[in-house]
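Visitor: The structure follows.
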Amino acid sequence: MDYDVKDLNLAKQGRLRIEWAEKNMPVLRLIRARFTKEKPLRGVRVGCCLHVTTETANLMETLKAGGAELRLCASNPLSTQDDSAAALVTDTKIGVFAVRGEDNKTYYKHIASVLANNPQITIDDGADLVSALHGNGNGGAAAGVWAGLEETTTGVIRLRAMAQQGVLRFPVIAINDSQTKHMFDNRYGTGQSTVDGILRATNHLMAGSKVVICGYGWCGRGVASRARGMGAEVIVCEVEPIKALEALMDGFRVMPMAQAVREGDVFVTLTGNLGIIRQEHFLKMKDGAVIANSGHFNVEIDLDALDQMSSKRRLVRRDVEEYTLKDGKRIHILGEGRLINLAAAEGHPAMVMDMSFANQALGVEYIVKNRGKLPLGVHALPERIDREIARLKLKSMGVKIDTLTSAQKKYLAEWTMGT
Ligand code: ADE
């Protein structure tokens, strides 16, 4: 079996952590139990490019229980948990190609190793696998893919651009479009794990700090609300007027970046776009400003510009790089500007990844059942699957809810009954 991980001796520690996560993934456990019996994915080759974490390990083991043949590489060079990777190779016999801190060349070599197994289904977090499949020389391999699944907002945006330009060669299911994904993982997962990453890196006191949130999508909303919960004064910068208005009515101050940079102590980018914090912004920041990115790619902070403006650069704590500008002002960049929740913390908690990865597991089964029937393009999973995941999650949490009475159902279906 081919693989490339840091150290197989880490497998024992990885196993303990994978089991710890499993305790908080009851919906995925139920799916795994059914997959073990029914083997709905028997012999299907699934190529995965995901953050290699304890939660992802639980997804891999669920797909394997369903009979899938798997390969896995990292979806970010700095998000791999080497112990999880080792346990997947040693105990689960999955070909994992991921080493924390791998350089760009190795990152793409690992993607190529996953594609070398000719996947029939792809699972991506950020669309790097699908994008590589459509790149130079890989067109043939794309022809063998039944369909793909995409985990994250940035990946879905890239795939919709590919579909729009008419270059996407197979259907893709946007897992991020499921309500049980983006309303929970993006909001509460990113919300908590981003703050967790900033705190582990800096030990900063949130109470009384001015925290600037760049981008008020589901992830930005989550971080803003968690930072406020810890006593921070939160400022939101947003280009989209409806979202800016929402941030305002959610009780946050809203202003342009040019103004926010003068006030902020901590900055978090989560826009999915590039060049959010640039030279003109660094120049106006306070001494000691802390900057983290929680968007998918490390393009939101212009680190090249910061490097050029600086007379000195040093690592002052694990995951904290201090840049000293020519006037002596210091700016702190966390986790090399990569996803801070995975670079400096452990990513989203298992409790929320349970729903995201239940969507992925049921999505793979859905593709197998509907092989050849899905139209080209980017689609959401059917709503009945989304609702079922919510129902199972509530049940696992011991929460019961009401159901409509027959009179209420009738009332909702009726349009003549005004009173
Ligand atoms: N994305 C964010 N958090 C994650 C986690 N814990 N596992 C996999 N992907 C993630």
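Values in this text are rule-based calculations from the coordinates and carry no lab data. None of the values given here were measured: they were computed from a predicted structure. A quick note on method: Cβ atoms are made from the backbone with ideal geometry, for glycine too, and the neighbour counts reach across all protein chains shown.
Visitor: If you take the square roots of the eigenvalues of the alpha-carbon gyration tensor of the stretch 257-323 and sort them as a ≥ b ≥ c, do you get rounded (a/c under 1.5), prolate (a/b over b/c) or oblate?
Guide: It comes out rounded by the Cα gyration axes.
Visitor: Sum up the charges of everything whose Cβ sits under 11 Å from the Cβ of GLU246, counting Lys and Arg as +1 and Asp and Glu as -1, but leave GLU246 out.
Guide: -1
Visitor: Could you tell me whether the stretch 196-271 comes out rounded, prolate or oblate from its Cα gyration tensor? Rule is a ≥ b ≥ c as square roots of the eigenvalues, rounded for a/c under 1.5, then prolate if a/b exceeds b/c, otherwise oblate.
Guide: Taking the square roots of the gyration eigenvalues as a ≥ b ≥ c, the stretch 196-271 is prolate.
Visitor: Multiply the residue separation of VAL239 and ALA112 by 0.36 nm, subtract the distance between their alpha-carbon atoms, and state the gained length in nm to one decimal. Let's see the in-between values first.
Guide: Details: separation 127, 0.36 × 127 = 45.72 nm, distance 3.69 nm.
Residue separation times 0.36 nm, minus the Cα-Cα distance, leaves 42.0 nm.
Visitor: Taking only Cα atoms and a 10 Å spring cutoff, compute GNM fluctuations for the chain and point out the largest among THR202, THR194, THR403.
Guide: THR403
Visitor: Tabulate in residue order the Karplus-calculated ³J(HN,Hα) for the stretch 80-89, using 6.51 cos²θ - 1.76 cosθ + 1.60 with θ = phi - 60°, rounded to whole Hz; enter x for Gly and Pro.
Guide: 5, 9, 4, 6, 5, 4, 5, 5, 5, 6
Visitor: Ok, one more. Report the normalised scattering of the chain as log10 I(q)/I(0) at q = 0.11 Å⁻¹, calculated by the Debye formula with identical scatterers on the alpha carbons.
Guide: -0.85
Visitor: Using each residue's phi in the stretch 167-175, evaluate 6.51 cos²θ - 1.76 cosθ + 1.60 at θ = phi - 60° and report the 3J(HN,Hα) Karplus result to the nearest Hz, with x for Gly and Pro.
Guide: 9, 5, 9, 8, x, 10, 9, 8, 4
Visitor: Please give me the summed charge of the neighbours of CYS73: other residues whose Cβ is under 12 Å from its Cβ, Lys and Arg +1, Asp and Glu -1.
Guide: Charge balance near CYS73 sits at -4.
Visitor: So which of LYS23/LYS109; LYS93/LYS369; LYS64/LYS395; LYS64/LYS393; LYS243/LYS284 end up more than 28 Å apart by C-alpha?
Guide: Result: LYS23/LYS109 exceed 28 Å.
Visitor: Given a Förster distance of 22 Å, report the FRET efficiency between ALA258 and ARG314 from their Cβ-Cβ distance, rounded to the nearest 0.05.
Guide: Details: r = 29 Å, r/R0 = 1.30.
Taking R0 as 22 Å, the efficiency between ALA258 and ARG314 is 0.15.
Visitor: Something else: Which of TRP415, GLY337, PHE357 sits closest to the plus end of the dipole of the stretch 330-419, meaning its Cα is farthest towards the positive end, when Lys and Arg get +1 and Asp and Glu get -1 on the C-beta?
Guide: TRP415
Visitor: Modelling each spin label as a point 7 Å along the Cα-to-Cβ direction, I'd like the GLU336/LYS284 distance in nm, to one decimal.
Guide: Distance between label points: 3.1 nm.
Visitor: Report the residue, chosen from LEU362, LEU28, LEU339, that carries the largest GNM mean-square fluctuation when the chain is represented by alpha-carbon nodes joined by springs under 10 Å.
Guide: Highest fluctuation among the options: LEU362.
Visitor: Counting helices only, and only those DSSP H runs with n ≥ 4, report the 222 nm mean residue ellipticity of the chain as the sum of -39,500 (n - 2.57) divided by its residues, in deg cm²/dmol to the nearest 500.
Guide: Computed ellipticity for the chain at 222 nm equals -13000 deg cm²/dmol.
Visitor: Which of rounded, prolate, oblate describes the stretch 19-97, given a ≥ b ≥ c as roots of the alpha-carbon gyration tensor eigenvalues and a/c under 1.5 marking rounded, otherwise prolate only if a/b is larger than b/c?
Guide: It comes out oblate by the Cα gyration axes.
Visitor: Right, another one. Net charge within 13 Å of GLY220 by Cβ-Cβ distance, Lys/Arg positive one each and Asp/Glu negative one each, not counting GLY220 itself?
Guide: 0
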